Amino acid sequence: MLTYTIPKHRRGDTWDGISSIGIKVNNVPANLSGSLVTMELREDYDTPVVLTFSTTTSTIRIQNSLSSINIPARIINIPPATYKYDLQVIYPDSTTKTYMEGTWEIYFDVTK
């Protein structure tokens, strides 16, 4: 599993997103066609979700290669904290895999 710390971001600003995340299984590009890809942010493992990215809401997009995703730019306006996240894929056959995890610090903005 890949551990990645997303660069810290100022609350209320437009985040650039992530242009591409490649998913591989045993060093072979995965086929994500028809899969549900979700990333949730929480302050801790058992706290409420504060932000969700998902293919169901087009906040995560499966790219044409079908083995990578991107997360489009958007305004991030959640309370300042250091959040935990993971990236989970549910394949059409219901196989569920978590491929990436890490943290993301959202910090205060001065100009509101």
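Yes/no per residue for (1) touching a Pro at 6+ places or on another chain (Cβ under 9 Å); (2) among the small types (Gly, Ala, Ser):
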residue: Val50; (1), (2): yes, no
residue: Ser54; (1), (2): no, yes
residue: Pro80; (1), (2): no, no
residue: Gln88; (1), (2): no, no
residue: Gly102; (1), (2): no, yes
residue: Asp109; (1), (2): yes, no
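Just checking, how many residues over region 55-71 are farther than 13 Å from Ile21 by Cβ and surrounded by fewer than 15 Cβ atoms within 10 Å (Cβ to Cβ)?
Residues that pass the stated criteria total 4.
Filter region 1-51 down to residues that are outside any strand (DSSP E or B) and among the charged types (D, E, K, R) and give me whichever is surrounded by the fewest Cβ atoms within 10 Å (Cβ to Cβ).
Here is the first cut: in region 1-51, the residues outside any strand (DSSP E or B) are 1, 4-5, 11-13, 16-17, 23, 26-27, 30-35, 43-48.
From what is left, the residues that are among the charged types (D, E, K, R) are 11, 13, 16, 43-44, 46.
Values: Arg11: 16, Asp13: 13, Asp16: 12, Glu43: 15, Asp44: 9, Asp46: 6.
Looking at residues that are outside any strand (DSSP E or B) and among the charged types (D, E, K, R), I get Asp46.
Residue check: is Ile76 touching a Phe, Trp or Tyr at 6+ places or on another chain (Cβ under 7 Å), modelled with pLDDT of 95 or more and under 25 Å from Thr14 (Cβ atoms)? Quick ask: steps written out before the conclusion?
On the way: touching a Phe, Trp or Tyr at 6+ places or on another chain (Cβ under 7 Å): yes; modelled with pLDDT of 95 or more: yes; under 25 Å from Thr14 (Cβ atoms): yes.
Answer is yes for this residue.
Among the residues of region 45-66, which ones are of a type in the set (Gly, Ala, Ser), under 20 Å from Leu2 (Cβ atoms) and at pLDDT 95 or above? Give the steps one after another, and end with the answer.
Keep residues of region 45-66 that are of a type in the set (Gly, Ala, Ser), which gives 54, 58, 65.
In the following step, the residues that additionally are under 20 Å from Leu2 (Cβ atoms) were identified as 54, 65.
Ser54, the sole residue that qualifies.
List pairs: first in region 33-45 and touching a residue at least 24 places away in the same chain (Cβ under 8 Å) and more than 11 Å from Thr103 (Cβ to Cβ), second among the aromatic types (Phe, Trp, Tyr) and surrounded by 15 or more Cβ atoms within 10 Å (Cβ to Cβ), Cβ under 6 Å, 6+ apart or cross-chain?
Taking only residues 6 or more apart or on different chains, the pairs are Ser35/Tyr91; Met39/Phe53; Met39/Tyr85.
Within region 72-96, which residues are in contact (Cβ under 8 Å) with a residue 60 or more places away in the chain, surrounded by 14 or more Cβ atoms within 10 Å (Cβ to Cβ), of a type outside the set (Ser, Thr, Tyr) and in a strand (DSSP E or B)?
Leu87, Val89
The values are calculated or read from the model by the stated rules, or taken from the named source; none is laboratory data. Predicted, not measured: the structure shown is a model, and the values here were computed from it. Reconstructed Cβ throughout: ideal geometry from the backbone, glycine too, with neighbour counts over all protein chains shown.
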